[in-house]
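A short reminder: the numbers here are calculations on the coordinates, not readings from a lab. As the structure is a prediction and not an experimental result, all values here were calculated from the model. We place every Cβ from the backbone using ideal geometry, glycine too, and count neighbours over all the protein chains shown.
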């Protein structure tokens, strides 16, 4: 997602392992060896937080719930049932995944800070439950006869190697997430969830998968942590500082990137432990102070973490940015062709008596209209007429209060936006919704996911859509955040076209464009229509709409006041009064003729 090659990441992981193994044999102090094991465990814990919050943007203050369940699963399985931690950790992973399902289903109904605060409640509740159950302090029994069978070793370096294996496994899982539709879908959800849904991504499904993987990873870290500690208490595993450490090492190192949690853990954990050992008797709780200062520094100096700060500043200045950017000009679009005659196609989209209210305001009031297959159907009306609300109702963002919406004979009422997209309805937005930290190509690949299960095929469809709209090969590898308005409009159009929709909803696609840019977009829309895609477009640029549309529908205060060919609609007295104005009619008469 950041443009790093897979080979670079694998070499980096191998180099990190080699350096850590060398340090393990160089460091002789048992205290520092234990600290090295803890660094790795908290790096795994940071990876687990990153899998949920870093990639999807669902900020969690409750990662300790999974960590603690993993730790107590290992502990209880060992103490009460004699199950070795070798198997207990695997059992803990299963418990963590199950906990992800149980926690995720109700909690993902919440958004923003409500989600974050509700996640905080789970480990706090579990802390009191385990204390109530009598697990205030549980010591793992020492197995003198076969210690290795129960993961008990005199040499602390063995725990370092076990933690290193666990970290590498978690990094490979994170790497797989980053480089498949799993991670790309999560990143799209993080940057703009409504746009991701409109592109056909089932946000809840992907977030549930993320919390399951995250829960299993955190539980594995908690299980190994319990083995290393030997004495387990609810505050140790479920305490607020546990969740805070997972969050802070990730925020400090870098959010939403493979190396962020590792960077954060390598810097912060030794610093906190050393200061605790040296000054803990003078400043009780100094570990919390270290993490508090770290989060303040991150907020002030590097809001997305050290990795992104270095990448965006130093690498870009050195000319080796992760994502290649070129200054090549995009290929010019073909000139606008004369508007063809309307096609007498069958009904593709049918609205009957559709109504949507917000309190006492009827934004859409009993709208009935039909969009024929193969046509370009324009919706016009003054600001506040209900045009975008009507699109949101068709697209599934809003449910109609009454009425029916049928697409190719199938009802769309009650479907989510991603379901509507997967049935063949594409969508662009009045206010552009790019995924800014992704390249143009990645933005469009996200849209292509709805039309294929194969990632390679999704890439091919994305490239085809980009070629259709006329974005050059040089532009498609640029970050979406650096595009011009024209390029953003074309990119969004390509993203909507990538899954090959039968109906395309365009919400003010021409807004904010200069004259030549407008001509370019018009030619693209006509080309798309000629290739078989039906278009339903909202637009205020009336001269362009008269040239473009086969049929007009006019809304005023949520009601349909006129419909028909442009030449008739622009002469309708009700349309002139509601929207155009009498002076406009004289200016447009020659254009229509």
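Annotations for the structure displayed:
- Residue-span extension gain [residue 143 to residue 357] - 0.36 nm each, minus C-alpha spacing: 70.1 nm
- Alpha-carbon centroids, region 1-47 and region 494-531: separation in whole Å: 49
- Point-to-point label distance, residue 19-residue 310, nm (Cα→Cβ direction, 7 Å offset): 0.8
- The chain: antiparallel DSSP beta bridges as a percent of all, rounded to 5: 60
- Here residue 406 and residue 271 are evaluated by their C-beta separation; at R0 = 56 Å the FRET efficiency comes out at 0.35.
- Linear extension gain, residue 383 paired with residue 128, 0.36 nm per residue minus alpha-carbon span: 86.3 nm
- Semi-axis lengths (Å, descending) of the ellipsoid that matches the C-alpha gyration tensor of region 6-239: 31, 23, 13
- Of all DSSP bridge pairs formed entirely within region 347-592, close to 55 percent run antiparallel.
- Fewest-first sequence of 142, 177, 35, 184 by Cβ atoms within 10 Å of each Cβ: 142, 35, 177, 184
- The ranking of 206, 308 from fewest to most other beta carbons within 10 Å of each one's beta carbon is 308, 206.
- Over the residues of the chain, the helix contribution to mean residue ellipticity at 222 nm works out to -17500 deg cm²/dmol, using -39500 (n - 2.57) for each DSSP H run of at least 4.
- Sorted by Cβ neighbour density within 10 Å, fewest at the top, the residues 278, 539: 278, 539
- Pairwise FRET efficiency - residue 204 versus residue 571, Cβ, R0 = 51 Å, nearest 0.05: 0.60
- Based on C-alpha pairs under 8 angstrom that are at least 6 apart in sequence, the chain has a relative contact order of 16 percent.
- Using R0 = 41 Å, the C-beta based FRET efficiency linking residue 515 and residue 297 works out to 0.25.
- Where labels lie 7 Å past Cα in the beta-carbon direction, separation of residue 347 and residue 413 in nm: 1.4
- Region 347-592: C-alpha gyration tensor shape, a/c 1.5 cut-off, then a/b vs b/c: oblate
- Length released on extending from residue 27 to residue 10, taking residue separation times 0.36 nm less the Cα-Cα span: 3.6 nm
- Sequence-separation-based contact order of region 342-478, relative, with Cα cut under 8 Å and 6+ spacing, percent: 19
- Each label was represented as a point 7 Å from its Cα along the Cα-to-Cβ direction; for residue 153 and residue 282 these points are 3.6 nm apart.
- Normalised contact order of region 347-592, rounded percent, pairs of Cα under 8 Å and 6 or more residues apart: 25
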